[in-house]
Structure formats: C-alpha cells, structure tokens
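The next block holds one structure in the form of structure tokens; read it before the comments.
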C-alpha cells in the first residue's frame, strides 16, 4: 500500500451523498405534488428550499477543491459529478415550479409512472454514491440506473404520444410538455452522474 505524506481528503463523499439525498427527497415531494394538483405554494417552496440546499452543497464541494491538496480522484471528475448531481435537483424543482405556475388541475396518463421512476432512480443514485468511496458494486448499481433510465425513456415516449393524441386541448399540451420534459431531464441527469461514477471506477480499478 502506498504511503502518503498528505492523506487524501475524504470529506467529498459525505457531500456527494448529501446531494443525492436531497434529490431523492425532492423527487418524492414531486410525486406528492403530482398526486394532489394543483399544488400549494408551500409544497413548491419546500422543493425550492431543498434546491438551494443542494446549491450550497455544490459550493462547499468547490471550496473543498480549492483547499484540498490531495483529492480522492481527479478534480475535474469531482466537479463534473457535483454539477451532474445538482442538475437532478434543479430539474425536479423546475418540474414542480411549472406545475404550480401553469396551475395544472388535470392528470396526464403516464405522468405518475414517470414521476415514480424518477423517485426510483434517485434512490438508486443514493445507493451508487454511497458505494463510491469503497468502489464496491459500482457496475451493478450503475446498471440498475441504466435500466431505470431506459424504462423512463419508454414511459416518456408513451406520455408524449398521449399528449399529442388529440384528447387534450392546446393549453394543456403546452403546460404538460414542459413539465414532462423537466422530469425526463432530471432522470437523464441521474444517468449522467452514474456515467461519471462509472468512469471514476474504471480509472481507479
């Protein structure tokens, strides 16, 4: 085992884990919002507060990068992972805010399933990041995220098809299109983060 005069900074890992916990909490809140439209301002404000907390986590990671002499892996990968994790929460907040701003009052077939997959994939991301420090089971956990993202893609296509089926008026189409796309972007951001983790694992195999 190599001896280090300066130990590597392990303080990044709790910050990454905190970011995933926030995104999963927000995903669960979004599921609740979609099941009780129209949402209250208080419900959306709770996600906004969590989104700000996630931004502070990213800032703390950047500050830690500035003062750390030995990082657990490449600085560029640390920054990329932090940004990807933050993007998840940003898009979830965007979806919740759009539901509120558009005063959505009617359901869209398939959107609950898509939101549930968002909740599942953010939970899987919690498991993945929790294993980042030990580098254990990374490929299996990343594969789970990939499968959930593929399932979400299929649901997204089905929801989009429903949206343009002619059974919805023009305003509802415009409202729901933005919301569904924000949820899809959040799911894609989880996959991006998982790809970064997989790349890190390969470099340190």
Checklist entry - Where does helix 12-34 land angle-wise versus the long Cα axis of the chain, in degrees 0 to 90, nearest 10? => result 10 degrees
Checklist entry - What percent does the relative contact order of the chain come to when contacts are Cα pairs within less than 8 Å and at least six residues apart? => result 31 percent
Next on the checklist: If you fit an axis through the alpha-carbon atoms of helix 41-67 and take the longest principal axis of the Cα set of the chain, what angle between them do you get, 0 to 90°, nearest 10?
Outcome noted: 20 degrees
Item to check | Fluctuation leader among 62, 161, 189 - the chain, Gaussian network, Cα springs under 10 angstrom | outcome: 161
Checklist entry - What's the Cα-based Rg to Rh of the range 1-90, Rh via Kirkwood? => result 1.14
Next on the checklist: If I build a Gaussian network model for the chain, linking alpha-carbon pairs within less than 10 angstrom, which residue out of 175, 29, 67 has the largest mean-square fluctuation?
Outcome noted: 67
Item to check | FRET E, pair residue 28, residue 71, Förster distance 25 Å, beta-carbon r, rounded to 0.05 | outcome: 0.20
Checklist entry - Based on the Cβ-Cβ distance of residue 103 and residue 143, what FRET efficiency does E = 1/(1 + (r/R0)^6) give at R0 = 45 Å, to the nearest 0.05? => result 0.65
Checklist entry - At a Förster distance of 25 Å, what's the computed FRET efficiency of residue 45 paired with residue 130, Cβ-Cβ distance as r, to 0.05? => result 0.30
Checklist outcome for this item: Between the alpha carbon centres of the range 81-104 and the range 133-173 the gap in Å comes to 15 Å
Checklist entry - Working out 0.36 nm times the residue gap between residue 167 and residue 9, then minus their Cα-Cα distance, what length gain in nm do you get to one decimal? => result 51.3 nm
Checklist entry - Between residue 60 and residue 203, what length in nm is gained on full extension when 0.36 nm per residue of separation is reduced by their alpha carbon distance? => result 49.0 nm
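Read-outs throughout are calculated quantities, based only on the coordinates presented, and are distinct from any laboratory measurement. For clarity, every value in this text was computed on a predicted model and none was experimentally measured. No Cβ is skipped: glycine too gets one built from the backbone with ideal geometry, and neighbour counts run over all protein chains shown.
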